Structures are given as structure tokens and as C-alpha cells.
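A.B. asks: Before I ask anything, let me first share the structure, which is written out below as C-alpha cells.
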Amino acid sequence: MDNETMRLIGLLAISSILLAGCSTSPIPSDQAAPAPASRLTAFQSKPTGQYGTLIVTRDSGFTGSACNTILYIDGEKSAEIGSGETAKFYLPIGERIIGANSTTMCGGGLKERSLMMGAGDTKKYRISIDTSMSMDLSPTAF
């Protein structure tokens, strides 16, 4: 191989490594840092009657780490969650709509998901951001 071909292969390898390092990675909720209480604004008290628990954890990683993510529950701003942080919410039973959006220019766009909360349920969701700065909110085992 000539030097030009070797240089091209090297650049492609470095680019692949950099892109792979730019997407976020799931972190188990029990290993994530708790979001500060000052950024938790709703659903922090156990409601009277039956309820379930929602745990939302934002992936760790460089992509989007300069911005917090706003979490909405039933259209109400409920938290700002930073990279590698987790938050717990106590929700009345029934159908709930949860959403996530970036706080500033970090991209993303509002993503919403429906979930059914049953009495005593614990539901876990993760917020991820990929290399194109697209945000997602999805159920997780983490």
C-alpha cells in the first residue's frame, strides 16, 4: 500500500473511534448520581391513594453533556436532568405521558412516550443522545 492509502485508512479509523465515543452510554440508575433536589420540581411526594414509581436516568457520555434535559410528566416540567444523573418520581396510577427536551442549543427536540402506571409499579426510562444530537426517551432495564 502506498502512503496515501495508509493515511486514508488511518483517518477513517480515527474518525470511527471519535464518532463511537460521542454517543451516550446507558448507566444503571443505582450507579448514576441523583439529580439535585433544586432541579426536581414535580411529583416528588407520594400521592394519596395508589401510585407507582418512575425512575428516569440520563445516559453518561460527552454528547450533549453541556446541557441539561428537561423532563415533562403530563405536560408539567418536572425536572432538569444532567448527563449521568437519575431522578425518581411518584405518579398516580393510570396512563401518563412523559417527555424530554434539551434546555438549550444542544439539539434533541421534544420526545414523548406514553406509559401505564399501575399500583406499586416501578418503571425505568433512559434519556439518550446519539452522534447526530438526536434525543430519545425509552424504557430500559438499566
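A.B. asks: Does any residue of the stretch 47-62 turn out to be closer than 18 Å to THR103 by Cα and of a type in the set (Asp, Glu)?
C.D. replies: Among the residues of the stretch 47-62, at least one is closer than 18 Å to THR103 by Cα and of a type in the set (Asp, Glu), which makes the answer yes.
A.B. asks: Still on this model: Please list, ordered by first then second residue, the pairs with beta carbon atoms under 6 Å, 6 or more apart or interchain, first in the stretch 44-63 and closer than 17 Å to PRO34 by Cβ, second part of a loop (DSSP other than H, G, I, E, B) and hydrophobic (A, V, I, L, M, F, W, C).
C.D. replies: Listed pairs, sorted by first residue: THR57/ALA32; SER60/ILE27.
A.B. asks: Within the stretch 87-103, take every residue that is modelled with pLDDT under 95 and of a type in the set (Ser, Thr, Tyr) and give me the one that is farthest from the chain's Cα centre (by Cα).
C.D. replies: For the stretch 87-103, the residue satisfying everything is THR103.
The values are calculated or read from the model by the stated rules, or taken from the named source; none is laboratory data. If you're wondering where the values come from, they're calculated on a predicted model, not measured in any experiment. Every residue, glycine among them, receives a Cβ derived from its backbone with ideal geometry; neighbour counts consider all protein chains shown.
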